[in-house]
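The values are calculated or read from the model by the stated rules, or taken from the named source; none is laboratory data. Quick caveat, the model's predicted, so the values are computed rather than measured. FYI the Cβ positions are ideal-geometry reconstructions off the backbone, even for glycines, and counts take in every protein chain you see. Ligands, DNA and RNA are excluded from the accessible area calculation, which covers all protein heavy atoms including side chains. Shrake-Rupley method; radii C 1.70, N 1.55, O 1.52, S 1.80 Å.
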Amino acid sequence: MSAAVEARDLVKTYRKSGRGIHGLDLEVPEGTVFGLLGPNGAGKTTFVKCLLGLLAPNTGSLEIFGSPVNRAGARVGVGFVPESPRFGDYLSAEEVMRIHARLIGIPSSEINSATSERLEAADLADAPKRVKSYSKGMVRRLALAQGLLGDPRMLILDEPAADLDPIGRRAVRNQIVEARERGATVILNSHLLSEVERSCDHVAIIHKGRLLATGTMPELVPEGKDLETVFVDLIEAQS
Amino acid sequence: MKAILTIASAAILEHRRRKLIGFFVLITLVIVAGLVYLSLDTDLGASLMNAAVGMATIASVGLLPALTVLAAIAVSMNNVGRPFADGEAALILARPVARWQFILGRLLGSVGVIVGLCALMALLAAGVGLIDRSGVDPDVFGHWAVTAFNLSLLAAIVTFMSTLLGNPLIAAFSGYLLYAAATPVSALYLLVANGNISGAPSAVITAAWFITPKKLLSPLRHSGAEGPEMSSIVDGALQMDNWARLGWGLAYTAVVVTASFLIAERKDAG
């Protein structure tokens with residue numbers, strides 16, 4: 001199984017807090033649903049931001065499908081759903097989708113069908129005109145819809161279930177299942193261990209910017225234990 | 001190129017829907033309508049608004065350019081700093097879009113709005129000239145084209161200041177100062193480049209004018225010392241070599257823009 005993401009000795013340190021990532025080695029196998037776990041401040045979001053080119057690593061290498069992340073081209077075929085999505089306040093959901101469709105190179109003739117299909121799936125086809133009037137849940141659904149535009153080869157979800165009601169969470173899970181079925185790689189960064197346990201087949205546990213453990217779910221979680229117990233034991237052993 | 005144009009068109013769409021731009025257009029229409037009314041419908045107005053001066057001139061060199069400066073700052077002060085701070089940029093930059101493409105796209109959006117506003121001003125000024133029968137001032141379109149160029153330079157500087165400093169007000173203030181600094185520095189440039197002694201006093205006076213608090217200058221203003229004499233010295237120096245000034249303006253913009261791009265490329269986002 002080839003690597004969708006490969007990080008080698010990755011370092012990204014924030015000058016003020018000293019936190020960040022301190023020599024992370026990590027491989028995300030292609031076609032897996034990969035859970036990124038860690039306590040607050042572990043470096044998960046920093047890793048995701050480095051992956052998307054939003055933060056520049058201090059040292060080390062980080063590649064998506066073999067392309068260094070500092071090249072914009074590495075993000076072709078990558079969908080991202082952030083923890084706190086923000087869109088232009090004066091745009092409509094449809095306009096947001098059209099902008100993203102153009103940015104990922106969907107042909108003009110297919111933009112209408114691609115965007116309306118995703119908006120209908122997100123229950124936003126009849127959404128009000130301005131994003132600024134949307135509820136938190138609607139903004140999250142719009143974020144998920146834009147992340148899934150063009151059936152990305154890799155989907156990165158940063159705390160996708162936060163602020164969502166049970167129906168919204170189920171919708172996120174369904175989208176993860178759909179992405180896995182078409183062979184996409186999904187990176188799920190979440191605090192909700194039950195969600196990770198339910199959706200992921202591979203997991204990495206990060207603590208203080210370093211990798212503590214990684215492997216398939218059965219490798220990491222022995223029979224008779226659950227992910228939460230394994231996670232807490234690992235973190236406490238480090239403290 | 002497609003990414004830049006997509007980001008620019010989205011920025012124009014947003015600016016068009018902001019109340020601020022609608023308010024600006026409304027104020028402009030009220031001012032122009034008021035001037036037309038004064039010039040046509042009242043004796044007092046007719047005497048005040050001398051036909052020789054022309055309504056078109058009033059509309060083009062009076063209050064409206066000041067309003068367009070404010071509009072240019074308003075459409076560029078939040079251009080990049082806010083989307084970087086609140087995470088809107090992160091969603092765009094997570095696409096195959098380089099940071100410089102995002103910034104350039106946002107800047108082009110602002111420039112598009114500014115050019116549109118200046119075109120509207122030029123048409124209004126020409127329209128007023130037709131209404132008051134003084135005729136269309138042949139310079140009116142050239143004047144607004146130059147204004148659009150200058151305001152685009154201002155928008156570029158404010159945009160890049162908003163990239164470097166997150167705070168929109170500080171970006172607006174410092175951007176305007178940098179823009180204003182181009183004038184005294186261009187006068188100094190003329191002095192150095194041409195070695196012309198006649199440029200020296202104007203360079204010094206212009207520089208002093210920009211850095212001295214206006215309160216301290218008010219006695220001079222009342223005594224008339226700031227009147228035509230000073231203007232003629234400054235104008236004489238500044239018109240000495242327009243190509244050199246243009247060259248300076250472009251070089252100055254290139255330095256600010258390149259430095260900002262380089263810093264923005266290294267800046268963390270999201």
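Any idea which of (1) in contact with a Ser or Thr (Cβ under 8 Å, 6 or more places away or on another chain); (2) closer than 18 Å to A:Gly215 by Cα; (3) open to solvent by less than 40 Å² (accessible area, probe 1.4 Å) is the one A:Ile21 doesn't satisfy?
A:Ile21 satisfies all of (1) in contact with a Ser or Thr (Cβ under 8 Å, 6 or more places away or on another chain); (2) closer than 18 Å to A:Gly215 by Cα; (3) open to solvent by less than 40 Å² (accessible area, probe 1.4 Å) except (2).
Can you confirm whether region A:188-200 contains a residue that is in the same structural domain as A:Ala3 (by TED's automatic domain parsing), in contact (Cβ under 8 Å) with a residue 40 or more places away in the chain, in a loop (DSSP other than H, G, I, E, B) and open to solvent by less than 30 Å² (accessible area, probe 1.4 Å)?
yes
Of the residues A:Leu164, A:Leu155, A:Leu142, only one is crowded, with 19+ Cβ neighbours inside 10 Å and outside any helix (DSSP H, G or I); which? Explain how you work it out, then say what you get.
Details: A:Leu164 fails: crowded, with 19+ Cβ neighbours inside 10 Å; A:Leu142 fails: outside any helix (DSSP H, G or I).
Checking each option against the conditions leaves just A:Leu155.
Condition first: within 17 Å of B:Ile114 (Cα to Cα) and of a type in the set (Lys, Arg). Now tell me which residues in region B:1-37 satisfy that.
B:Arg16, B:Arg17, B:Arg18, B:Lys19
Identify, please: which residue in region A:107-125 is touching a Lys or Arg at 6+ places or on another chain (Cβ under 9 Å) and over 20 Å from A:Asp163 (Cα atoms) and is, among those, surrounded by the fewest Cβ atoms within 10 Å (Cβ to Cβ)?
Step by step, filter region A:107-125, then rank; the result is A:Ser108.
Step by step: first the residues of region A:66-77, then only those that are more than 7 Å from chain B (Cβ to nearest Cβ) and within 16 Å of A:Leu55 (Cβ to Cβ), then the one that is most open to solvent (accessible area, probe 1.4 Å). Which residue is that?
Looking at residues that are more than 7 Å from chain B (Cβ to nearest Cβ) and within 16 Å of A:Leu55 (Cβ to Cβ), I get A:Arg71.
Can you tell me which of A:Arg170, A:Arg180 is in the same structural domain as A:Glu6 (by TED's automatic domain parsing) and free of Cβ contacts under 8 Å to residues at least 12 places away in the same chain? Lay out the reasoning, then the answer.
Numbers: A:Arg180 fails: free of Cβ contacts under 8 Å to residues at least 12 places away in the same chain.
Checking each option against the conditions leaves just A:Arg170.
Return yes or no: is A:Phe80 open to solvent by less than 20 Å² (accessible area, probe 1.4 Å), of a type in the set (Phe, Trp, Tyr) and within 14 Å of chain B (Cβ to nearest Cβ)?
Here the answer is yes, as A:Phe80 does meet what is asked.
Cβ-Cβ under 8 Å, sequence separation 6+ or interchain: first residue in region B:123-134 and at negative phi and modelled with pLDDT under 75, partner loosely packed, with under 15 Cβ neighbours inside 10 Å and part of a helix (DSSP H, G or I). Which pairs?
B:Ile131/B:Leu40; B:Asp132/B:Leu40
Evaluate region A:89-99: report whether one residue or more is open to solvent by 30 Å² or more (accessible area, probe 1.4 Å), more than 8 Å from chain B (Cβ to nearest Cβ) and touching a helix residue (DSSP H, G or I) at 6+ places or on another chain (Cβ under 9 Å).
Looking for residues that are open to solvent by 30 Å² or more (accessible area, probe 1.4 Å), more than 8 Å from chain B (Cβ to nearest Cβ) and touching a helix residue (DSSP H, G or I) at 6+ places or on another chain (Cβ under 9 Å), one finds at least one in region A:89-99, hence yes.
Kindly evaluate A:Lys136 against the criterion of being open to solvent by 50 Å² or more (accessible area, probe 1.4 Å) and facing another protein chain (nearest Cβ under 10 Å).
Taking the combined requirement at face value, the residue does not satisfy it.
Which is surrounded by fewer than 20 Cβ atoms within 10 Å (Cβ to Cβ) and more than 8 Å from chain B (Cβ to nearest Cβ), of A:Pro57, A:Pro39?
Going through A:Pro57, A:Pro39 in turn, just one is surrounded by fewer than 20 Cβ atoms within 10 Å (Cβ to Cβ) and more than 8 Å from chain B (Cβ to nearest Cβ): A:Pro39.
In this structure, is A:Leu212 over 18 Å from the mean Cα position of the chain (by Cα) and in a strand (DSSP E or B)?
yes
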